[in-house]
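Some notes on the structure that comes next.
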Amino acid sequence: MIFMDIIDFRYRPPYGSYRETIMYRDLERARRCSEAFGMNQSPAVAARDMEASLTEMDRAGIGMAVLAGRKVLPHIGVVDNQDIVDLIHAYPGRFTGMAGVDPSDGPEAMEELERYVVGEGLRGIVMEPGLTKTPMFVEDERIFPLYERCQALGVPVMLMGSNCGPGIEYSKPEHAERVAKAFPKLNIILSHGGWPWVTEAIHVAYRYKNVYLLPDLYQFNGPGSGEYLAAANYILRDQMLFGSAYPYVSLREAVDYFLEGRLRPEAQPAFLAGNARRILELERV
């Protein structure tokens, strides 16, 4: 394993409102999910221990993690944006973050964007339109003011449009493609990597250089994982992001998965850190 200051784009720590989400409320369910992808739950997760999780980051070579707020249906679990800000301040240099907003909230969503991105310096916003009280497709025109504001600010939008909604149609990458086409200067991150429409999502990112794929849990031993690896190694080297999917996958296990022969040495810097640093403009930190 080569030394590298890795950036984890999909890390949900045992802290604050994260601990109230379904991932931590039902650790047995989370463990079964880990095993379904051939991975293991971390002891720090099982203990819900924040300090142990930081130690785990160090041992895995992860220098920074991206924290995401979450505004979704209550049974899944809301992650308060203030918790993101508090963690960043509590552990300087270890975390950066993106504000979760509910696009169905209209003016309130815009207020969250202004407060936490403009006011607190978070690096963008996260939306899961299919998991709100009023399910929406990501290209719904009611969301356009949020896209327009992020494009003007030069900050990215992370969309969870995969395995996310009342029906499989909410997962189709063609919806994100319409957003990428309408907002060509807006960087768009597809968490879950467009799964299960893996090849289609890769095609969208290949056509639109403002689309990035964050496969997170679905890159580990799942259907389509080989296609994600091929994309990271070759045609999408500059548009793929590493995310451990923590707490579903232990951090060292997630890193080793890529550094033990799957990811070409030439592709490692971009996938494990460089692309994240560029899209979040971390060189300004």
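The values are calculated or read from the model by the stated rules, or taken from the named source; none is laboratory data. This structure is a prediction, so every number in the text was calculated from the model and none was measured. Cβ atoms come from the backbone with ideal geometry, glycine included; neighbour counts cover every protein chain shown. Keep in mind that these areas ignore ligands, DNA and RNA; they rest on the heavy atoms of the full protein, side chains included. Shrake-Rupley method; radii C 1.70, N 1.55, O 1.52, S 1.80 Å.
Where a ≥ b ≥ c are the square roots of the eigenvalues of the C-alpha gyration tensor, would you call the stretch 143-215 rounded, which needs a/c under 1.5, or, failing that, prolate if a/b is larger than b/c, or oblate? It is prolate, given that a/c is not under 1.5 and a/b is the larger ratio. Using the Cβ-Cβ distance between residue 199 and residue 281 with R0 set to 45 Å, the FRET efficiency from 1/(1 + (r/R0)^6) comes to roughly 0.90. The heavy atoms of residue 8 offer some 0 square angstrom of accessible surface to a 1.4 angstrom probe. Projected label points at residue 234 and residue 153, each 7 Å from Cα along the beta carbon direction, are separated by 3.8 nanometres.
Ligands, DNA and RNA excluded, the heavy atoms of residue 96 present near 10 Å² of accessible surface to a 1.4 Å solvent probe.
Here the label points at residue 168 and residue 262, each 7 Å from Cα along the C-beta direction, are separated by 2.4 nm in the simple model.
Run the numbers for residue 40 and residue 178: contour at 0.36 nm per residue of separation, minus the present Cα-Cα distance, in nm. The partial results should precede the final answer.
Working: separation 138, 0.36 × 138 = 49.68 nm, distance 3.67 nm.
In short, 46.0 nm is gained.
Would you please put 139-147, 249-257, 233-241 in order of how densely packed they are, using the mean number of other Cβ atoms within 10 angstrom per residue and starting with the highest? Mind dumping the intermediate values first?
Values: 139-147: 16.4, 249-257: 21.9, 233-241: 19.7.
Going from most to least packed, we get 249-257, 233-241, 139-147.
Ligands, DNA and RNA left out, the accessible area of the chain computed with a 1.4 Å probe is 51% carbon and sulfur.
Determine the shape class of the stretch 150-285: with a ≥ b ≥ c the square roots of the Cα gyration tensor eigenvalues, call it rounded for a/c under 1.5, and otherwise prolate if a/b is greater than b/c, oblate otherwise. Mind showing how you got there, number by number?
Working: a/c = 1.60, a/b = 1.17, b/c = 1.36.
Since a/c reaches 1.5 but b/c is at least a/b, the shape of the stretch 150-285 is classed as oblate.
Here residue 181 is the anchor, and the lysines within straight C-alpha reach of less than 23 Å, apart from those fewer than 8 places off in the same chain, are 172, 209.
If you take the square roots of the eigenvalues of the alpha-carbon gyration tensor of the chain and sort them as a ≥ b ≥ c, do you get rounded (a/c under 1.5), prolate (a/b over b/c) or oblate? Rounded is the answer for the chain, as its axis ratio a/c remains below 1.5.
Order of 214-220, 203-209, 68-74 by packing, highest average Cβ count within 10 Å first? List each step's numbers first, then the result.
On the way: 214-220: 26.7, 203-209: 17.3, 68-74: 20.0.
Output ranking for 214-220, 203-209, 68-74: 214-220, 68-74, 203-209.
Sketch the reach of a paramagnetic label on residue 110 as a point 7 Å from Cα along Cα-to-Cβ, and name the residues of the stretch 152-185 whose backbone nitrogen lies under 19 Å away. Answer for this model: 152-157, 183.
Note on residue 181: accessible area is roughly 150 Å² with a 1.4 Å probe, heavy atoms of protein only. Karplus-based coupling profile of the stretch 125-134, in residue order and whole Hz: 10, 10, 9, 10, x, x, 10, 9, 5, 10, with θ = phi - 60° in 6.51 cos²θ - 1.76 cosθ + 1.60 and x standing for Gly or Pro.
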